[in-house]
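Computed from the coordinates by the stated procedures, all read-outs in this text should not be read as laboratory data. Keep in mind that this is a model prediction, so the values were computed, not measured. FYI the Cβ positions are ideal-geometry reconstructions off the backbone, even for glycines, and counts take in every protein chain you see.
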There are 4 protein chains.
Amino acid sequence: MSNTYRLIATCPDNTGIIAAVTGFLASQGGWVLAANQYSDPGSDCFFMRYEIRADSLDLSLPQLREAFAPLAEQFGMHWAIHDASVRKRVVLMASKLAHCLSDLLYRWRSGEMDFDIVGVISNHDDLRDYVEWHDIPYHYVPVPASDKAAAFARTTAVLAEAAPDLIVLARYMQILPPELCSTYPNRIINIHHSSLPAFVGAKPYHQAYERGVKLIGATCHYVTEDLDAGPIIEQDVARISHHNSVAEMVRLGKDVERNVLATGVRYHLEDRVLIHGNKTIVFA
Amino acid sequence: MSNTYRLIATCPDNTGIIAAVTGFLASQGGWVLAANQYSDPGSDCFFMRYEIRADSLDLSLPQLREAFAPLAEQFGMHWAIHDASVRKRVVLMASKLAHCLSDLLYRWRSGEMDFDIVGVISNHDDLRDYVEWHDIPYHYVPVPASDKAAAFARTTAVLAEAAPDLIVLARYMQILPPELCSTYPNRIINIHHSSLPAFVGAKPYHQAYERGVKLIGATCHYVTEDLDAGPIIEQDVARISHHNSVAEMVRLGKDVERNVLATGVRYHLEDRVLIHGNKTIVFA
Amino acid sequence: MSNTYRLIATCPDNTGIIAAVTGFLASQGGWVLAANQYSDPGSDCFFMRYEIRADSLDLSLPQLREAFAPLAEQFGMHWAIHDASVRKRVVLMASKLAHCLSDLLYRWRSGEMDFDIVGVISNHDDLRDYVEWHDIPYHYVPVPASDKAAAFARTTAVLAEAAPDLIVLARYMQILPPELCSTYPNRIINIHHSSLPAFVGAKPYHQAYERGVKLIGATCHYVTEDLDAGPIIEQDVARISHHNSVAEMVRLGKDVERNVLATGVRYHLEDRVLIHGNKTIVFA
Amino acid sequence: MSNTYRLIATCPDNTGIIAAVTGFLASQGGWVLAANQYSDPGSDCFFMRYEIRADSLDLSLPQLREAFAPLAEQFGMHWAIHDASVRKRVVLMASKLAHCLSDLLYRWRSGEMDFDIVGVISNHDDLRDYVEWHDIPYHYVPVPASDKAAAFARTTAVLAEAAPDLIVLARYMQILPPELCSTYPNRIINIHHSSLPAFVGAKPYHQAYERGVKLIGATCHYVTEDLDAGPIIEQDVARISHHNSVAEMVRLGKDVERNVLATGVRYHLEDRVLIHGNKTIVFA
């Protein structure tokens, strides 16, 4: 399988963008494997993602970027060209619950998803053995209520050292401080155990039980400083019944959470998510 | 197909309830076609629904009720025995949108659902021809912002005349006054076009669009004085994408709404919904 | 809302197709509202669909087609440019079951879907009144087992007279003769009441009941001479349980059937379905 | 949480079965936590499952069985009373694919599902390290095409030694010989990677790709001597599109497979599955 480059761009909508970009690619011999465009009617913003066979181009990646830059400037694009063969560096953060972490480790271990796990940070030590069996560094950083500042200072240091492209909160159960959120804009993904915006905050399954809903859900979203309010990447639900206790809702919800989180992370790793204000364009 | 009786009961949980009830039924020769029970662990309430072949009993329905009463009293039951062959009287209330009304009319016309439509009330005259083609009385009761009191007085009178067992708000788009809600407790069913409790109130698809959710939903619930907060009977969702406009969300949502509403109404007509505080037990 | 043109094309895959087509459109001032491409790796076939604002072009539709023809020839395209404002002529064929027919009539009546119903053909007279209330011609063409040839000769004549762009078998329950199928290639849509290829042929719900499946489904597909084997456009399922009788499976299945059929028909009407051998590319 | 007993029974349908059983339980002070019944109209067979609080009974489990036996005989029941605290012995069989095995190991490791894994049998050695990290015996039994008989003789011996209550084929990829199937009737669960009865046999995703379906699925079923034709316990599907390659269908299918298999296994472990000919009654 040949390697691919992924061209991602956002710009004001205009006549001729696709023609200009695909004309440029064609002039370089570029073989387009997948092309997605979206024009947002409310804001007149244009979004695009192209997958190009690397071996169809005469240019190296730096040369390609250089050659593309004038065209991007002409249309006022925010843009990037990613090499699909460069694996993103990911830090996983978890608490005691293992379902999301185990699932991402499985997908990494089996090669189903392409990324490097450069570390796991947890406020508990429970998952250490399992993580270390995978030869992945485990950072136990307790977050005592009495001294969260110190805990997050250490977390920040561990993250800085790890230099992640992406941080995944795999049911981390702690609210990150605003400074940390803003250090990694659109690079922290969380899984919330409800169909947001229903049941923001703590214990959403308890809230769902009290309200007597017939569906429970999970939401994968980027983390912003505003709790559970960042751009949504993916959601799904499971059907429940009056006879499901909170414990059973938790169990049924776990299966939804891990799949929704893995899907959202995969979209991000494959550069399929473009952000538009507080919303996402997902070229699935 | 033989007729059936439906025994519905709620009482404090206790050892021997099922034995007592099924023992009573067996003593009368009663052939149980379906039996559902649920014991709510939080409140120690017990809920049951039995379908009994009418022709297996020696007793008439009044006799059956009389014979059952002492046992019901012993366990402190709220209870009822319904004759499945007695069609419930239903008033449909709609506005201009026809999808839920048309769907219920289809299910009624085709015999898929067993009930009598004793009238349609609408604050617009648009649907008159279609409803009247079905030989169903159409009551056009405008609800001007300037004089809602008079409008609802007339609505109340029309309803009193119709003497409905059930009122279905098939996208009626008006908030019923509290007195009307309390006149028909657990007998008014509404369809709300979101997955409650997300997007309470007006224009939920616009709210969903703004929030950038990936699923839209619909909720069928009993109407209480508290807007969009009554006991939920049924919910479902549909998947959307960034490229779906509000208009497309409305279109996709309509298919979910009509199915969710029809399912909820069917459950009610078949005496499958028991109410427990602000939640429902649905013996589907 | 401005009118749009829809350019649909299939050709051997090659470098520069998108560039050439979008370059052509840009040279005419064409504002692309939606663009979809797909390259089939097995066959090296390329498929595309573009929506262009009509008022952004200086050319009339005939002029546009003429201007595009040389480029289409260069790439060996099968292609068409449709005017979205020209409503397709549709004949509905039904039997006694009304759910799919009623649903399509509702979507037509309410303006949710844009098409003209130029006639209904049925082998029973049951649905006449309902159809005629809509001012749609109703053709009662019985299909006696003893003389199907004559019946289909008359059906063929009625169809020829109606000159449909699309024929929809809305649970028609009769197998069309091969000549009729080949007269309208990729222009006859059927709804089959199973998840094809499971349960081909008659009484699929009975087959599903016997096999004890936990999901029932419906499949919308183009009709070919090979029974239930044509290209699939859309499918969906509903969950069932051991306690669902065949009659209940039929009832639950109806809701799936009408939605799947309507979705497939809408895709076709909006020129979203491209056919590739026995498969479809659906630019949803 | 108190321990429970699970009474499972099948018998010819009759008036008074529920009354007799619940009357018996009540006479022993038995607190019924959950009660499910189903009467199959086609065969006049009756199925029931009761969960009883162990500590509400004066009898030990052997005493309870002895006391219940006469009543069971009177109604001609096939029956059993299981102690929910006795963990079932399970052997997992896998090949190279790890998704189902990893998932069941996670659910076991995390305590989400209660059972003992008494061994893993595989025709490859790939998964040994991972399994042995869990302190579970790993039996590598290659199945060469040239000598399957010897391989299955050894498999049979390993199984006999392990004395499993349940054998789970977690994508084992080999067809078990009939003798092995009949040694463990209704005690071997398989996951098939299609919505049976569609795509029986090898490479169902390839078959699905060729047919151009829009949904792929997975089926959890009991293994009988008839390939992929045993009683179905659970099924689910995932939506695919024309642009999904076989490899992507395999990836998307894995998530469905592992959830469907885990659900089916959980139902079995909790004694929720009763078998009726080639169908299952699942008291979920």
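Observations on the structure shown:
- Inter-copy separations for C:Ala80, label at 7 Å along Cα-Cβ, nm, ascending: 4.2, 5.5, 6.0
- Sequence-ordered 3J(HN,Hα) estimates for segment C:278-283 from the Karplus curve with 6.51, -1.76 and 1.60 and θ = phi - 60° stand at 9, 10, 10, 9, 10, 8 Hz, glycine and proline given as x.
- Inter-copy label distances at B:His134 (7 Å, Cα→Cβ; nm, one decimal): 1.6, 5.5, 5.6
- Rounded to the nearest 5, the antiparallel percentage of DSSP beta bridges internal to chain B is 70%.
- Amide H contacts of A:Ile281 (H built 1.01 Å from N, in plane; Pro and chain starts excluded): A:Leu274, A:Ile275, A:His276 sit under 5 Å, all sequence-distant by 5 or more or on other chains.
- Peptide A:273-280 has a mean shielding of 2, counted as Cβ atoms of other protein chains within 10 Å of each residue's Cβ.
- Given charges at beta-carbon only (K, R positive; D, E negative), |dipole| of segment B:4-83 in Debye: 120 debye
- Packing, as the average of other Cβ atoms within 10 Å across residues, places the peptides D:121-130, B:53-62, A:18-27 in the order A:18-27, D:121-130, B:53-62, highest first.
- Using the average count of surrounding beta-carbon atoms within 10 Å as a protection proxy, the listed peptides C:44-50, C:201-207 rank, highest first, as C:44-50, C:201-207.
- Amide H contacts of C:Cys45: C:Asp13, C:Asp40, each under 5 Å away and 5 or more positions distant or on a separate chain (H built 1.01 Å from N in the peptide plane; Pro and chain starts excluded).
- Taking B:Phe283, A:Phe68 and counting other C-beta atoms within 10 Å, the order from fewest to most: A:Phe68, B:Phe283
- Positive-end residue, segment D:89-282 charge dipole about Cα centroid, Cβ charges, pick of D:Ile191, D:Gly217, D:Tyr138: D:Gly217
- A:Arg266 sits among other residues whose Cβ lies under 10 Å from its own Cβ, and their net charge, with Lys and Arg +1 and Asp and Glu -1, is -1.
- For B:Ile233, the residues whose amide H sits under 5 Å from its own are B:Cys220, B:His221, B:Tyr222, ignoring neighbours fewer than 5 places away on the same chain, with H placed 1.01 Å from N.
- 20 Å Cα cut-off, lysine pairs counted over chain A (separation 8 or more, or different chains): 6
- Chain D has one residue whose beta-carbon comes closest to the axis relating it to chain A; that residue and its distance in whole Å are D:Trp133, 3.
- Beta bridges by DSSP in segment A:126-284, antiparallel share as percent, to the nearest 5: 85 percent
- Overall size of chain D from C-alpha positions, given as principal axis extents largest first: 60, 41, 36 Å.
- Basic side chains Lys and Arg get +1 at the Cβ, acidic Asp and Glu get -1 at the Cβ, and with that the dipole of segment B:89-282 about its Cα centre reaches some 520 debye.
- Working note: Cα gyration tensor of segment B:231-284, eigenvalues times five, square-rooted, sorted largest first, giving semi-axes of 28, 11, 7 Å.
- Look at the stretch C:235-248: the mean tally of other chain Cβ atoms within 10 Å of its residues' Cβ atoms is 4.
- Other residues whose C-beta falls under 11 angstrom from the C-beta of B:Arg171 contribute a net charge of +1, scoring Lys and Arg +1 and Asp and Glu -1.
- In the assembly of identical copies, A:Arg239 has its label point, taken 7 Å from Cα in the direction of the beta carbon, separated from the corresponding points by 0.5, 1.6, 1.7 nm (ascending, one decimal).
- Karplus (6.51, -1.76, 1.60) ³J(HN,Hα), θ = phi - 60°, over segment A:165-182, in Hz, Gly and Pro reported as x: 7, 8, 10, 10, 8, 8, 6, 6, 6, 10, 8, 6, x, x, 4, 5, 4, 7
- Across q = 0.15, 0.19, 0.22 Å⁻¹, segment C:1-113 modelled as identical point scatterers on its alpha-carbon atoms has Debye log10 I(q)/I(0) values of -0.75, -0.96, -1.14, in the order of the q list.
- Relative contact order, percent, segment C:59-137 [alpha-carbon distance under 8 Å, six or more residues apart]: 29 percent
- Rg/Rh, computed from the Cα trace of segment D:164-284 with Rh as the Kirkwood radius, has the value 0.98.
- Look at the stretch B:255-265: the mean tally of other chain Cβ atoms within 10 Å of its residues' Cβ atoms is 2.
- The eigenvalues of the Cα gyration tensor, multiplied by 5 and square-rooted, give the protein assembly as shown an equivalent ellipsoid with semi-axes of 47, 41, 32 Å from largest to smallest.
- Convex hull volume of the Cα atoms of segment D:66-185, normalised per residue: 131 Å³.
- Within the protein assembly as shown, percent of DSSP bridges classed antiparallel, to nearest 5: 70 percent
- Computed from phi, the 3J(HN,Hα) profile of segment A:50-55 under the Karplus parametrisation 6.51, -1.76, 1.60 (θ = phi - 60°) reads 10, 9, 10, 5, 4, 6 Hz, with x in place of Gly and Pro.
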